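Reading through the structure tokens given below for one structure.
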Amino acid sequence: MDSQRLEEEFVKRVQSGAKIEASDWMPDGYRHLLIKLIHMHAVSEIMGVYPEKEWVPKAPNLRRKLALMAKVQDEMGHGQLLLRIVEDLAAPYGKGREELLDDLVEGKVKFHNVFHMEARTWADAGLIGWLIDGAAIINQASLLSTSYAPYARILKRICAEESFHMQHGENVILSIAMGTDEQRKMLQDSLDYWWYSLLFFFGPLEITPAAQKMLHYRIRTKTNEELRQKFLAKYVPRIWSLGLTIPDPTLHYDSKLERWHYAEPEWEVFQKIVSENKGPKSQERIALRRIAQDQHKWVRLAMTTGI
Amino acid sequence: MEKQTEPSGVYEVFVQRDHLDPMMHVGSLLAPTNELALQLARENFTRREQILQIWVVPRTHIYSAEEDDFHAREMDRSYREVSGYTENGRLWRMFKEKEITLEEIVRYVEQKKQSKHDLHREESHES
Ligand SMILES: [Fe+2]
Ligand SMILES: [Fe+2]
């Protein structure tokens, strides 16, 4: 069969709900998109550890410290599980774990904008658990229906672990919200700092050609904007209920259009943070990652050669 | 021919029912070769069920922990479990909100189209 026909049949299969396994034939375009998406997902899990691990020594009590460490451990674990999936996909190109991790310190693979930002206060640490994990959960839940079965299976596991992250984040935020005026001020300040980063997290409004391809191959089944709307619907009422002010006076639910109206983030500014690693903490964290990678080389060597 | 004179070995059998399910251990069988083990596994375990994939693994290839305390939990781990945060529901009610669960989010995200009712319900919290 010529490749044109193979591709057409493949698309017909995934569009009718078929799942693809690592050993199945797949078009190069499909493989590339998967590698790009899951590689970015994997390194984002790893880089997402930094803002939170910075708070492990400073957590307000032992239980919070244990919970934060457990969460850090989970996120590293998610990175490992996802890298394994990318390894299988990238094997035909001779790319393994070493190269996939090198790409991160060499700036060849991007990670989510939120992990370039600074976790300045304990409220920031809590807000990351509540809203950043919340946004990530909405994104990951939408990928449970992906056409690539190994990714779907791992996401099922990841989502199950995320339910603890969700409860932990909420618990931290609720206790700050019940605290002193000063603590509540700290929480408001944190929301002000993170709000537009959170909106940006879901990606641009327009459906880019790559995003269109992902929908075509059923790698994704929801658009960025659909997911952002779902996030707003679930979280805005809860943010308001805590007595917090969202730093966007135009934010409201438009019942005629049946969507949340919001002020858009400054797309170019945030895009630069991601594509050029120019966020407040990007370079510092990548440098730390580079040190870890060098110092732990012997561990990876022992794991691959068994010496 | 030579293979058939060898004693049969124990194979552990795993099946996968759906692409979204993991491989599940379903039992074991005796067979002289990998190929026969696979045939037998199909006959013994999947006569009715629609399944996607079967694995047969020689028991000698399975390595597992022998010490009893390998899986021991020395301390309370509720801080890393959802069950350690049951007070969230009560705390949200103090703010006139209700808790959310992961299952609720997954259901909500998987909806084909956002229903008008749902958005209104969420929105009405504010007013
Ligand atoms: Fe995660
Ligand atoms: Fe998480």
Checklist line | Leading residue by the ranking (surrounded by the fewest Cβ atoms within 10 Å (Cβ to Cβ)) among those in the range A:208-231 that are more than 9 Å from chain B (Cβ to nearest Cβ) and either of a type in the set (A, V, I, L, M, F, W, C) or under 20 Å from residue A:169 (Cβ atoms) (or both) | finding: A:210
Notebook entry, point to check: Could you say which residue among A:163, A:142 is under 30 Å from residue A:88 (Cα atoms), in contact with a Lys or Arg (Cβ under 7 Å, 6 or more places away or on another chain) and either within 16 Å of ligand 1 (Cβ to nearest atom) or in contact (Cβ under 8 Å) with a residue 40 or more places away in the chain (or both)?
Noted result: A:142
Next item on the list: For the range A:170-182, state whether one or more residues are in contact with a Gly (Cβ under 7 Å, 6 or more places away or on another chain) and within 12 Å of ligand 1 (Cβ to nearest atom).
Entry: no
Notebook entry, point to check: Which of the residues that make up the range A:108-129 are within 14 Å of chain B (Cβ to nearest Cβ) and away from ligand 1 (no atom under 14 Å from the Cβ)?
Noted result: A:126
Checklist line | Filtered residues of the range B:54-78 (kept if in a helix (DSSP H, G or I) and in contact (Cβ under 8 Å) with a residue 40 or more places away in the chain) | finding: B:59, B:60
Item checked: Top-ranked residue in the range A:112-155 [being aromatic (Phe, Trp, Tyr) and within 14 Å of ligand 2 (Cβ to nearest atom); ranked as surrounded by the fewest Cβ atoms within 10 Å (Cβ to Cβ)] -> A:130
Note to self: Criterion first (assigned to a loop (DSSP other than H, G, I, E, B) and either within 16 Å of ligand 1 (Cβ to nearest atom) or open to solvent by 80 Å² or more (accessible area, probe 1.4 Å) (or both)) does residue A:23 satisfy it?
What the structure shows: yes
Note to self: Going through A:75, A:182 one at a time, which residue ends up being away from every other protein chain (no Cβ under 11 Å) and surrounded by fewer than 18 Cβ atoms within 10 Å (Cβ to Cβ)?
What the structure shows: A:182
Next item on the list: For residue A:115, state whether it is of a type outside the set (D, E, K, R), touching a Pro at 6+ places or on another chain (Cβ under 7 Å) and touching a residue at least 12 places away in the same chain (Cβ under 8 Å).
Entry: yes
Note to self: Tell me whether the range A:138-157 contains one or more residues that are at pLDDT 95 or above, over 15 Å from the mean Cα position of the chain (by Cα) and aliphatic (A, V, I, L, M).
What the structure shows: yes
Notebook entry, point to check: Counting just the residues of the range A:274-297 that are among the hydrophobic types (A, V, I, L, M, F, W, C) and over 11 Å from residue A:113 (Cβ atoms), which one comes out surrounded by the most Cβ atoms within 10 Å (Cβ to Cβ)?
Noted result: A:286
Margin query: Against the conditions (1) assigned to a helix (DSSP H, G or I); (2) within 16 Å of ligand 2 (Cβ to nearest atom), where does residue A:104 fall short? Just the number, please.
Written below: (2)
Item checked: Residue among B:73, B:77, B:48 that is under 24 Å from the mean Cα position of the chain (by Cα), at pLDDT below 95 and either over 29 Å from residue A:155 (Cα atoms) or buried (at least 16 other Cβ atoms within 10 Å of the Cβ) (or both) -> B:48
Check: Has the range A:249-265 got any residue that is closer than 30 Å to residue A:11 by Cβ, modelled with pLDDT of 95 or more and aromatic (Phe, Trp, Tyr)?
Finding: no
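Yes/no per residue for (1) within 12 Å of chain B (Cβ to nearest Cβ); (2) more than 13 Å from the chain's Cα centre (by Cα); (3) within 22 Å of residue A:159 (Cβ to Cβ):
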residue: A:16; (1), (2), (3): no, yes, no
residue: A:22; (1), (2), (3): yes, yes, yes
residue: A:35; (1), (2), (3): no, yes, yes
residue: A:39; (1), (2), (3): no, no, yes
residue: A:43; (1), (2), (3): no, no, yes
residue: A:49; (1), (2), (3): no, no, yes
residue: A:58; (1), (2), (3): no, yes, no
residue: A:65; (1), (2), (3): yes, yes, no
residue: A:71; (1), (2), (3): yes, yes, yes
Notebook entry, point to check: If you check every pair at least six apart or on different chains, which have Cβ atoms under 6 Å apart with a residue in the range B:79-101 that is facing chain A (nearest Cβ under 7 Å) and under 22 Å from residue A:70 (Cα atoms) first and a residue that is modelled with pLDDT of 95 or more and open to solvent by 50 Å² or more (accessible area, probe 1.4 Å) second?
Noted result: B:79/A:63
Next item on the list: Evaluate the following for residue B:28: is it farther than 30 Å from residue A:17 by Cα, touching a residue at least 12 places away in the same chain (Cβ under 8 Å) and open to solvent by less than 60 Å² (accessible area, probe 1.4 Å)?
Entry: yes
Item checked: Residues satisfying the stated conditions in the range A:42-55, i.e. part of a loop (DSSP other than H, G, I, E, B), within 15 Å of ligand 2 (Cβ to nearest atom) and open to solvent by 20 Å² or more (accessible area, probe 1.4 Å) -> A:55
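The values are calculated or read from the model by the stated rules, or taken from the named source; none is laboratory data. Just so we're clear, the structure is a prediction, and the values are computed from it rather than from any experiment. With ideal geometry, Cβ positions are generated from the backbone for all residues, glycine too; neighbour counts draw on all protein chains shown. These accessible areas exclude ligands, DNA and RNA; they are computed on the full protein's heavy atoms, side chains included. Shrake-Rupley method; radii C 1.70, N 1.55, O 1.52, S 1.80 Å.
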